[in-house]
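A short write-up of the structure that comes next.
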Amino acid sequence: MPEANNPRALLLEFANGDDLLAAAGRVREAGYRQLDAFTPFPLEGLAQTIGDRATRIPWFALIGGAAGAFGGLFMQWYANVVSYPINVGGRPLAAWPAFILPAFELAVLGAVLAAVVGMLVENGLPRLHHPVFEAERFGCASDDRFFLWVAPTEPHLSYPAGRAVLDELGAVAIHEVPA
Amino acid sequence: MADERSVNPQAPTETLPLQPYGSVSDQIAMIPLHYPLRRRWLIGLAASALFTLLLVVAIGYLFYAGVGIWGINSPVFWGLAIANYVWWIGLGNAGTLISALLLLLSQQWRNSLNRFAEAMTLFAVFCAAMFPIIHLGRPWFFYWLLPYPNVMALWPQFRSPLVWDVFANVIYLLVSIIFFYIGLIPDLATVRDKARGRLGQVFFGVLSLGWRGSAAHWQRWRRTYRICAALAVPLVVSVHSGVAMLFSVGQLAGWQTTIFPPYFVMGAMFSGFGVVAMIAVVLRHTFRLDSLVTTRHLDLLAKVLLASGLITSYGYIMDAFTAWYSGDPFERSTLIDRFTGAYAWSYWSAVILNFVVLQGLWFEAVRRNPVLLFLIGASVTTGMWFERYMLVVTTLYHDFLPSSWGWYVATFWDWSLLAGTIGLFFFLFFLFVRFLPMISMFEVKEVLREERVEARNARSQ
């Protein structure tokens, strides 16, 4: 086992969100790029600090909503004008004002489904077996602790030298994620 | 302001008493894992299961014998079933509004209330969705209401509010489930990490989809959650407006009025906030959650209840004014019937239970008193049921011609459906309280963090 001592990643544990945010900013400045952070609740600005790209979820929602709306309008028009027209007191068959409500509901459904599915796909969930779960104390990431994930393969700072940098960040503890 | 705060760290503007993040998970996540009140829970579950059984019997007998077992007859073809339906779906609306609308308005106090309010929505909408189906003469054909290509070459009639209602309800139920679940995922992960037994770990692990709280995940999650919330608010308004149009698109005196959609939406919010207030008081007392659901929460809930009640009473006044001002003799006679007719008791019960009792909430001592707030919530919930009854029956029993005047008296089977759905609601709620985190832990922690940051800023000044 030649690589037994070489962990997959280091997990820096912090006691509060501000320490994590400060540490993430400093590590990012030091040139680290393969960063991730794990927190019990969303921290404003954390994703930007560790350098995440923008999400396309709003576009998914827009497309899903438009598909629901226009699909719904088309369905109603086809059903009540083309396929099964009923003359009710000579009123117009293509009753657009009446079609709006079902079309609106379908637009909401389409947008919500697209946004949620898009979120799960972008996040790579469901995934029950991520390596980070192997780290000691990672269970506290959903409770009251804040973790910073640093990969030892960073080109800028290789693991043994980088460790000295990491030690100065004020982490409560540094854990290893087993390879 | 800042100095005052630093002197008194628990100034009245703060929602929650400062406490470590861990204490939130300890209080909430431990309830599904090590349920504290097993005996009481079993008794409650059994009692509600009994009423659920009554519901099963009532529906079974209805399917066997037909709607003739109800009190409905010409001219009152809409009886308790429709009143119950409107009542239930109205109760549900408040959960979505408290969760989605207050999220978008950054009202952080909602974070202690939104989870059980959303659960309340789900179960109420579920109870509501039953009534339109069992109210059909031939309920086994209910799927004819859905548009699908079929060999009969039939389509629903989309110009009818009845079909709008099908879309509104089905989609509202689906979106409520999705919204509830998306908001629940991070908390399921917390329960998973707290679980020591294999069963709990697997159950909550699978339900939480392997959530690990990564920064990128949180960012996308939050974006999605806010998008869903922004869509849920107009959805709620459209759902209850659709319900209102079932009435107001009809030609009958007392129903055909343009104020109905907003009047119904406000009434729905009003009654639902009454239920949320009751649930908050009961859960807080039962599980000793005073540090998470504080008297300030009760105070704010009571204020919203008061405000929505006053807007609903404006609806009552304008409804009556419009009927009088129209000069239409049928509108006027329906209005007089509501005040003095055979069903005047339902009108005055609604007015007294909804608006007279409500005035107690002007006093801070009442708003912060859990028992009084519970009683006022119960009064509003009951009052709004009387309102639904009044709206359905008083219009139908006196139609335009004396030949279509008649009575409506609900039968045992009508009442057993109401009691049965209430039992089903409690049954589902007992299961929710037992197996899922009933308060949103991570959102409460967010509030705690902001309060910490504020407190520190105040000190450093």
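All of the numbers you see were taken from the coordinates with simple rules; none came from a lab. The shown structure was predicted, so the numbers you read here are calculated from the model rather than taken from an experiment. Please note: Cβ atoms are built from the backbone with ideal geometry, for glycine as well, and neighbour counts cover all protein chains shown.
The orientation-averaged projected area of the convex hull spanned by the Cα atoms of region B:1-156 comes to 16.5 nm². In sequence order, region B:16-31 has phi-based couplings of 10, x, 4, 7, x, 4, x, 5, 5, 5, 4, 6, 8, 5, 6, 5 Hz under the Karplus curve 6.51 cos²θ - 1.76 cosθ + 1.60, θ = phi - 60°, and Gly or Pro positions carry x.
Take each peptide in B:248-260, B:81-93, count the other Cβ atoms within 10 Å of every residue, and average; sorted highest first, the result is B:81-93, B:248-260. Look at the stretch A:96-103: the mean tally of other chain Cβ atoms within 10 Å of its residues' Cβ atoms is 5. Note: relative contact order over region B:1-141, using C-alpha pairs below 8 Å and six or more positions apart, is 23 percent. The mean number of Cβ atoms from other chains found within 10 Å of a Cβ in peptide A:76-82 is 4, as a whole number. Neighbours of residue A:49, meaning other residues whose beta-carbon lies under 14 angstrom from its beta-carbon, give a summed charge of -2 when Lys and Arg score +1 and Asp and Glu score -1. Angle of helix B:441-460 to the longest C-alpha principal axis of chain B, folded into 0 to 90 degrees and rounded to 10: 50°. If you line up the long axis of helix B:114-134 against the longest principal axis of chain B, both from Cα atoms, how many degrees apart are they, to the nearest 10? It is inclined by approximately 20 degrees. Under 5 Å from the amide H of residue A:9 lie the amide H atoms of A:177, each residue being 5 or more positions distant or on a separate chain, with H modelled from the backbone and absent for Pro and chain starts. Couplings 3J(HN,Hα) of region B:347-355, computed from phi: 5, 6, 4, 4, 5, 5, 5, 7, 10 Hz, in residue order, whole Hz [Karplus 6.51 cos²θ - 1.76 cosθ + 1.60, θ = phi - 60°; x for Gly and Pro].
If you take all other residues with their beta carbon under 14 Å from the beta carbon of residue B:232, and give Lys and Arg +1 and Asp and Glu -1, the sum is 0. Our coupling estimate for region B:62-69, obtained by passing each phi through the Karplus curve with A = 6.51, B = -1.76, C = 1.60 and θ = phi - 60°, is 4, 5, 6, 9, x, 5, x, 6 Hz, Gly and Pro reported as x. A cut-off under 13 angstrom between Cβ atoms defines the neighbours of residue B:125, and their net charge, with Lys, Arg +1 and Asp, Glu -1, is -2.
Here the protein assembly as shown is described by how far its Cα atoms reach on the three principal axes: 96, 61, 46 Å, from widest to narrowest. Measuring nothing but how far apart in sequence close Cα pairs (under 8 Å, 6+ apart) lie, relative to its length, region B:17-453 scores a relative contact order of 33 percent. How far is helix A:96-123 tilted off the main Cα axis of chain A, in degrees rounded to 10, range 0 to 90? Taking the Cα atoms of chain A, the angle to A:96-123 is about 20 degrees. Taking one quarter of the surface of the C-alpha convex hull of region A:57-122 gives a mean projected area of 4.6 nm².
State log₁₀ I(q)/I(0) for chain B at q = 0.07, 0.08, 0.13, 0.14 Å⁻¹ as given by the Debye formula over alpha-carbon point scatterers of equal weight, solvent excluded. Debye curve over Cα of chain B, log10 I(q)/I(0) at q = 0.07, 0.08, 0.13, 0.14 Å⁻¹: -0.39, -0.51, -1.25, -1.41. Averaged over the residues of peptide A:124-134, the number of Cβ atoms from other protein chains lying within 10 Å of each residue's Cβ is 4.
Using a Förster radius of 25 Å, what is the FRET efficiency between residue B:411 and residue B:307 based on their Cβ-Cβ separation? Nearest 0.05, please. E(calc), rounded to 0.05, equals 0.05.
With coordinates expressed along the principal axes, the C-alpha atoms belonging to region B:154-206 extend over 56, 20, 10 Å, beginning with the largest. For region B:366-461, the set of chymotrypsin sites (Phe, Trp or Tyr not before Pro) satisfying both a DSSP loop assignment and a count of at most 14 other C-beta atoms within 10 Å is given as B:400, B:407.
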